Every structure is written in C-alpha cells, then in structure tokens.
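A.B. asks: For reference, the structure I am asking about is given below.
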Amino acid sequence: GECSAFKERFMECLRRSGYESAACRQSAMAYLECRMDRRVPQLMANEPLEKLGFKDLINEKPEEKPEKS
C-alpha cells in the first residue's frame, strides 16, 4: 500500500485522458519509481528508468510539460 497514492494518480490521469497512456507517462514513471524504491516485499526489481522507456522524462521538469486535458 505504500505506492497506492501514486497508483491512484496514475489511474486518475488515465481516466481523464480517455485511457491514453502516453498522456500519463510522468505519473507512470513516479509510480514505478515508488515500486522500485520500496523493495520490501520485493515489489519490483530496481531498473534504470531509461530501460523502462522514460529516458526523455528524467531531466524534464514537470512544469515544463504541457498538460493534456
């Protein structure tokens, strides 16, 4: 349950965007980071975000991204 808030933000973003996952990549990345950081009980193996397809978001600041409505 430690990552449930991140999961809920991701799910809410999906609902708002008509389930367009590309519009919710920042939320997805935050959720996966949470799962990797809280390795008890081994929720997810720690992988570089670049390998998970988020290389373009790593150095991007959230306020610089246009929000899709």
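The values are calculated or read from the model by the stated rules, or taken from the named source; none is laboratory data. Computed from a prediction, not measured in an experiment: that's the story for all the values here. Quick reminder, even Gly has a Cβ in these numbers, built from the backbone with ideal geometry, and neighbours come from all protein chains shown. Protein only, heavy atoms only, side chains kept; ligands, DNA and RNA dropped before computing areas. Shrake-Rupley method; radii C 1.70, N 1.55, O 1.52, S 1.80 Å.
A.B. asks: If a residue must be open to solvent by 60 Å² or more (accessible area, probe 1.4 Å) and part of a helix (DSSP H, G or I), how many such residues does the range 15-26 contain?
C.D. replies: Residues in the range 15-26 being open to solvent by 60 Å² or more (accessible area, probe 1.4 Å) and part of a helix (DSSP H, G or I): 5 in total.
A.B. asks: Taking the condition of being open to solvent by less than 50 Å² (accessible area, probe 1.4 Å) and in contact (Cβ under 8 Å) with a residue 12 or more places away in the chain, how many residues in the range 27-41 meet it?
C.D. replies: From the range 27-41, those open to solvent by less than 50 Å² (accessible area, probe 1.4 Å) are 27-32, 34, 36; that's our starting set.
Then drop every residue that is not in contact (Cβ under 8 Å) with a residue 12 or more places away in the chain, which leaves 27-32, 34.
Of the residues in the range 27-41, 7 are open to solvent by less than 50 Å² (accessible area, probe 1.4 Å) and in contact (Cβ under 8 Å) with a residue 12 or more places away in the chain.
A.B. asks: Is it the case, given these coordinates, that E12 is at pLDDT 90 or above, surrounded by 12 or more Cβ atoms within 10 Å (Cβ to Cβ) and of a type outside the set (F, W, Y)? Steps first, answer last, please.
C.D. replies: Values: at pLDDT 90 or above: yes; surrounded by 12 or more Cβ atoms within 10 Å (Cβ to Cβ): yes; of a type outside the set (F, W, Y): yes.
Judged against the criteria, E12 is a match.
A.B. asks: I would also like to ask the following. Are any residues in the range 17-47 polar (S, T, N, Q) and modelled with pLDDT under 75, and if so, which ones? Walk me through it before giving the result.
C.D. replies: Pass one, the range 17-47, residues polar (S, T, N, Q): 17, 21, 26-27, 42, 46.
Selection gives Q42 alone.
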